[in-house]
1. In region 95-117, what count of residues is obtained for those that are of a type in the set (V, I, T) and more than 18 Å from P152 (Cα to Cα)?
2. Which is in contact with a helix residue (DSSP H, G or I) (Cβ under 7 Å, 6 or more places away or on another chain) and open to solvent by 40 Å² or more (accessible area, probe 1.4 Å), of T289, T294, T253?
3. Residues that are touching a residue at least 40 places away in the same chain (Cβ under 8 Å) and under 30 Å from V153 (Cβ atoms): which helices (runs of 4 or more DSSP H) entirely in region 277-376 hold 1 or more of them?
4. Quick one: in region 157-166, which of the residues that are open to solvent by 30 Å² or more (accessible area, probe 1.4 Å) and of a type outside the set (D, E) is nearest to R373 (Cα to Cα)?
5. With among the hydroxyl-bearing types (S, T, Y) and buried (at least 19 other Cβ atoms within 10 Å of the Cβ) as the only criterion, which of S184, S195 stands out?
6. Suppose we filter region 172-197 for residues that are assigned to a strand (DSSP E or B) and under 18 Å from N226 (Cα atoms); how many remain?
7. Which of the residues belonging to region 229-242 are buried (at least 18 other Cβ atoms within 10 Å of the Cβ) and either touching a Ser or Thr at 6+ places or on another chain (Cβ under 7 Å) or within 20 Å of V333 (Cβ to Cβ) (or both)?
8. Anything in region 214-231 that is in a helix (DSSP H, G or I) and either in contact (Cβ under 8 Å) with a residue 24 or more places away in the chain or on the phi > 0 side of the Ramachandran plot (or both)? List them, or say none.
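The values are calculated or read from the model by the stated rules, or taken from the named source; none is laboratory data. Only a predicted model underlies this, so the values are computations on that prediction, with no experimental measurement involved. Quick reminder, even Gly has a Cβ in these numbers, built from the backbone with ideal geometry, and neighbours come from all protein chains shown. Surface accessibility is based on the protein's heavy atoms, side chains included, excluding ligands, DNA and RNA. Shrake-Rupley method; radii C 1.70, N 1.55, O 1.52, S 1.80 Å.
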Amino acid sequence: MTDLQLSLIGIAGVFVAGVYSYNKIQEYRARKSVDRAFANDHDDVLMRVGEVPATRHEPSFSTDDDAPGLAGGEASAAAAALEAVAAGLDGEAAERAALEAAEAARNARAEAALALVDPQIDCLLPLALESAARGDKLLPVLQTLRMAGNKPVHFIGYSVAGEWEPIVHGGVYTKLQGGVQLASRTTALNELEYSELVTRLRAMADEIGAEPEVPDMIEVMAEARNLHRFVASHDAQLGVNLQSNGAPWAIATLIGALEKQGFDVRPDGRYVMPDGEGGSLFSLSTNVTLAEETTSRLTLLLDVPCVAPARDGFGAMVACARSLMARLDATIVDDYNQPLSDASLEEIAGQVQDFYTEMNDAEIPAGSARALRLFS
């Protein structure tokens, strides 16, 4: 064969190889494109910080962790809109109802977040996340840090919707805020508790890819001591006593009278007057051990900072004491066994109102979630 023929054969071979290679490359690209489109680990628009999709459903609680759902605000808004339509309202009224429901839901989430991490009574612990994170990934780690000594630690998240809220499964968060309670009824947060907290916080932050901002210990300790001084000075419990005018009361008979009066008998033996919403107004003690069969003295006790003024806990307790006085043939007396006159009880009621004013001025209203945390 001539040199020309050999050259033409070589060129043809190169051309055929090139066409074959090109087809293979195109086939590979097409297959990868399909794989990406249907792969399980596709990009989640909720994880794109700062990027808002045209239509977005916020994450929410669900009885099925894998089931999609509307967020609390959107679900309430949708329900309100449906109710408005069912009631025959026009589109504008339905939209207004939906907006009001959404606003109420946002406020509820904000209140729930504040009940967990409160700048007034907590040392704030900001955590900057390296990237947006899901609640179901964060919660198992965050739950490993729930106490610092005997002080509770809580966390809230800043959602992709731009709101602080309690961290929930299905939620997506761009940053976190921790809080450790500065004081309780018994003690203030101390240096040892805070040091242990910081060490555990840093380890936990490493696990979730976050950078904590740790406040200065000296400043935190000063705030904790100041708050505990307030708690100690307002840890008020008021009691009125019922003294039998005759023979001691049989405990078995007494229980029936207390139940008729409205008291709940708790498993631990305490007698509590419910407030109708799952809480209590005041309690009652028989002043004897469970082994005793009789008692001649009952004590009604009001935990003043834990009952809201609107419930008039002291007034309700005095009214109950007067009713039991007639039912059990007893006298209302003070701790020194001296009879309490109506004038004395009215004077005490005025002091209770002054107490409530002091707590309001300190932005720790009696009976509020803030007060219940401090005086629990």
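1. First pass over region 95-117, keeping only residues of a type in the set (V, I, T): 117.
Next, from what is left, pick out any that are more than 18 Å from P152 (Cα to Cα): none.
Residues flagged as of a type in the set (V, I, T) and more than 18 Å from P152 (Cα to Cα) within region 95-117 amount to 0.
2. Working: T289 fails: in contact with a helix residue (DSSP H, G or I) (Cβ under 7 Å, 6 or more places away or on another chain); T253 fails: in contact with a helix residue (DSSP H, G or I) (Cβ under 7 Å, 6 or more places away or on another chain).
It is T294.
3. 342-361, 369-374
4. Step one: of region 157-166, the residues open to solvent by 30 Å² or more (accessible area, probe 1.4 Å) are 158, 160-164, 166.
Pick out the ones that are also of a type outside the set (D, E) and you get 158, 160-162, 164, 166.
Working: Y158: 23, V160: 29, A161: 28, G162: 27, W164: 20, P166: 17 Å.
This residue is P166.
5. Working: S195 fails: buried (at least 19 other Cβ atoms within 10 Å of the Cβ).
Checking each option against the conditions leaves just S184.
6. Going through region 172-197, the residues assigned to a strand (DSSP E or B) turn out to be 172-181, 183, 188.
Next cut, under 18 Å from N226 (Cα atoms) only: 179-181, 183, 188.
Going through region 172-197 one residue at a time, the tally reaches 5.
7. Keep residues of region 229-242 that are buried (at least 18 other Cβ atoms within 10 Å of the Cβ), which gives 231, 234, 238, 240-242.
Passing the criteria: L238, V240, N241, L242.
8. The first filter runs over region 214-231 and keeps only residues in a helix (DSSP H, G or I), leaving 217-231.
Hits for region 214-231 are M217, V220, M221, E223, A224, R225, L227, H228, F230, V231.
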